[in-house]
Amino acid sequence: MSGVDEIVVGKTKLGLVQGDITRQATEAIVNAANPNLMGGGGVDGAIHQAGGPAILEECRKIVSRIGRLDTGKAVITSGGKLQAKYVIHTIGPVWHGGSRGEAELLASAYRESLKSATDYKLKSLSFPSISSGAYGYPMAEAARVALSTVIAFLRGVSTSLEEVFFVLYDSKTYQVYSAELAESASQM
C-alpha cells in the first residue's frame, strides 16, 4: 500500500514530516524523555542541546517537586531557545517483548502529551516516534499505537489543536508511519 502524509481528523490536520523535531515551528514539540528529565541521547539529548539550559533548569525544578516521571506521563516546560514555545516531556516504555503493558504505556504517553497541549490551549504540536529508538519498540507497532491513539484522541475530545505532526528523523521511519497512516485513513 502506498503511503499518506496527511489526513484530517475532525478539525485537526494530522501530518507526517521527515526532519529534525528541534527545528519545528509548532507551538510545542514532544520530547521522548528519560524519567529523570535530565537529557540523554537521541531525541531527548537533541532537544536539550538545541533548547539550551532553560529547559534543563525547568526539568530540575519539576523533578525536585514530583520526583522521576512515571512511564506514560507527561509534563511541560518552556522551549528555551527552540522555535517551539513549549516542550512536552513524556516517558515511553522500554520494549520487553510486548507482554508488560508496553502498548498501553505508549498510548498513555501520547494521550498525556495531547492532554497537556489541550490544557495549554495550543494550536500545533509535533511528536517524534516515542520509544522506537533506544527503548527498542518495534517501529511498525510503535507507529500503529501512535497513530491510532492520536486519531482516537482527536475524535473523542474537543481540542484547541489545529495541527498535529509526527516529525520522523529518517526515511525508513517516515515510510513506516506513512503506510500506517494510509491504513488508518482507509478505515475512517
Residue check, Arg23 within 16 Å of Tyr86 (Cα to Cα), out of contact with any His (no Cβ under 7 Å at 6 or more places or on another chain), of a type in the set (Lys, Arg) and surrounded by fewer than 17 Cβ atoms within 10 Å (Cβ to Cβ): yes
Which listed residue is hydrophobic (A, V, I, L, M, F, W, C), more than 25 Å from Glu141 (Cβ to Cβ), surrounded by 15 or more Cβ atoms within 10 Å (Cβ to Cβ) and within 19 Å of the chain's Cα centre (by Cα), from Ala109, Ala84: Ala84
Residues that are in contact with a Pro (Cβ under 8 Å, 6 or more places away or on another chain), buried (at least 19 other Cβ atoms within 10 Å of the Cβ), of a type in the set (Phe, Trp, Tyr) and in contact (Cβ under 8 Å) with a residue 24 or more places away in the chain: does the range 119-137 have at least one? yes
So which of Val167, Val157 ends up being of a type in the set (Val, Ile, Thr), more than 14 Å from the chain's Cα centre (by Cα) and on the phi < 0 side of the Ramachandran plot? Val157
Failed item, numbered, when Gln24 is tested on (1) within 19 Å of Ser160 (Cα to Cα); (2) free of Cβ contacts under 8 Å to residues at least 24 places away in the same chain: (2)
Any hit, the range 53-72, residues being crowded, with 21+ Cβ neighbours inside 10 Å, touching a residue at least 40 places away in the same chain (Cβ under 8 Å) and among the β-branched types (Val, Ile, Thr): no
When (1) surrounded by 18 or more Cβ atoms within 10 Å (Cβ to Cβ); (2) at pLDDT below 95; (3) more than 14 Å from the chain's Cα centre (by Cα); (4) closer than 20 Å to Gly136 by Cα are applied to Val4, the one that fails is (4)
For the range 18-28, name all the residues that are of a type outside the set (D, E, K, R) and not in a loop (DSSP other than H, G, I, E, B). Gln18, Ile21, Thr22, Ala28
Can we say Arg144 is surrounded by fewer than 20 Cβ atoms within 10 Å (Cβ to Cβ), of a type outside the set (Asp, Glu) and touching a residue at least 60 places away in the same chain (Cβ under 8 Å)? no
Failed condition for Asn31, given (1) crowded, with 20+ Cβ neighbours inside 10 Å; (2) in a loop (DSSP other than H, G, I, E, B), with all others met? (2)
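The values are calculated or read from the model by the stated rules, or taken from the named source; none is laboratory data. A quick note: this is a predicted structure, and the numbers were derived from the prediction, not measured. Here Cβ is always computed from backbone atoms with ideal geometry, including for glycine, and neighbour counts include all displayed protein chains.
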